[in-house]
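Before any comments, here is the structure.
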Amino acid sequence: MLYILFTIICITTIGVLFKVFPKYGINAFQAIVINYLVCVLSAWVHLGYFPLSDAIFQEPWFMHSIGLSVCFISGFYFQSVIFKAFGMAISTIVLKLSLVLTVLFSLLMYKEDIYLAKVIGILLAFASIILVSYPTKGGLHAQKENSTSEWVILGASFLIAAMVDIGFQYVERSVALSSADPRFIASATGLAFVWGMMIETSRYIRKKSTIHHNNLIAGILLGLANYATFFGLMKSLGTSIDGSTVFTSLSVGAILLSTVIGVMGFREQLARINFLGILIAIIAVILISMPK
């Protein structure tokens, strides 16, 4: 459970960074590109040698890292958009709703044990997400009307978040990969950096983007939190705890912590129905974590 708690903190840190980027005039895409370079460098420090070499092309997980890299660069940019448009709490909730698809994948693909406490816990987790995100006048999610494109990006973010979690779980369980292999993380994030640099270089040449040191600092902070999240997720999946429990616990935990930070740090207000959602979420985590 320690790896799960560690990952929850890292996930929430990423949300906080995206939330404050507009306040400091951060170019989110530039910060995201730099973040993936930082992930590669973090893997280098972690391993003690440079993680990218010709040998990775022969690894059974290399093709999977290509697919994940596309999800990384697009999904992270979409997240920066929705955190600005919808706020920290509701964005985290929608992203973590992707656990619906991830848990179903775990149960169907790996024939994980299904027992009453887990079923009730998962159902309560879904209910808690709805209650915590329920819009109320002057409550947590009272906000401006969002555009159609913002709602489309929100939906795309939901799907990409599920694809990333499922991808990590599949590689961890079905491909020859030791738990939290930094080379795999470096391969996926390194490719994401390449795609991002291609896009950003094109924008810079067309004078549609400028470089600022604040974006560099933001990218470094984002990259450290992001690599720690990858590491924590892979370590969590490598424990005896099954995948559906890991992803449900991560989702509910991130929502709870994001809500607390939203209220205490960003002065968002909670309605009674939101408090009810938090209580149900706590009960859900206890039920999901119970042994058979």
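Every read-out reported here was derived from the displayed coordinates using simple, explicitly stated rules and does not represent laboratory data. Not measured: the values here are computed from a predicted model. Neighbour counts run over all protein chains shown; Cβ positions are idealised from the backbone, glycine included.
Panel order for 208, 96, 19, 84, by other beta carbons found within 10 Å of each beta carbon, from fewest to most: 208, 84, 19, 96. As a length-normalised measure over Cα pairs under 8 Å and 6 or more apart, the relative contact order of region 2-289 settles at 43 percent.
Could you list 130, 220, 288 so that the one with the fewest beta carbons within 10 Å of its beta carbon is first and the one with the most is last? It would help to have the intermediate numbers written out before the result.
Numbers: 130 13, 220 16, 288 25.
Lowest to highest Cβ neighbour count: 130, 220, 288.
For the chain, a simple Cβ point-charge model (Lys and Arg +1, Asp and Glu -1, everything else neutral) yields a dipole of about 780 debye relative to the Cα centre.
The residue list 170, 99, 209 was ranked by how far each Cα lies along the charge dipole of the chain toward its positive end, using unit charges on Cβ atoms, and 209 comes out on top.
Aspartates and glutamates within cross-link reach of residue 235: Cα-Cα under 12 Å, excluding same-chain residues under 8 positions apart? Partners within reach: 172, 181. When 163, 109 are sorted by how many other C-beta atoms sit within 10 angstrom of their C-beta, beginning with the fewest, the order is 109, 163. Here region 1-129 is treated as an ellipsoid with the same Cα gyration tensor; its semi-axes, largest first and in whole Å, are 28, 24, 14. Residues of region 224-258 with amide nitrogen under 12 Å from the 7 Å Cα-to-Cβ point of residue 109? Flagged as within label range: 243-244.
Radius of gyration (Cα atoms) of the chain, expressed as a multiple of 2.2 N^0.38 Å: 0.99. Spatially, region 81-104 and region 11-41 are offset by 17 Å when compared through their Cα centroids.
Within the chain, helices built from complete DSSP H runs that reach 15 Å or longer along their own axis (Cα positions) and carry a mean Kyte-Doolittle hydropathy of 0.5 or higher are 2-20, 28-47, 62-86, 116-132, 148-174, 182-205, 213-237, 243-265, 272-289. Straight-line reach only, C-alpha to C-alpha below 16 angstrom: list the aspartates and glutamates that residue 208 could link to, leaving out same-chain residues fewer than 8 apart. Result set, ordered by chain and number: 200.
Mind ordering 146-156, 1-11, 56-66 by average Cβ neighbours within 10 Å, highest first? Don't skip to the answer; put the middle values down first.
Values: 146-156: 13.4, 1-11: 18.5, 56-66: 15.1.
Answer by packing, highest mean first, reads 1-11, 56-66, 146-156.
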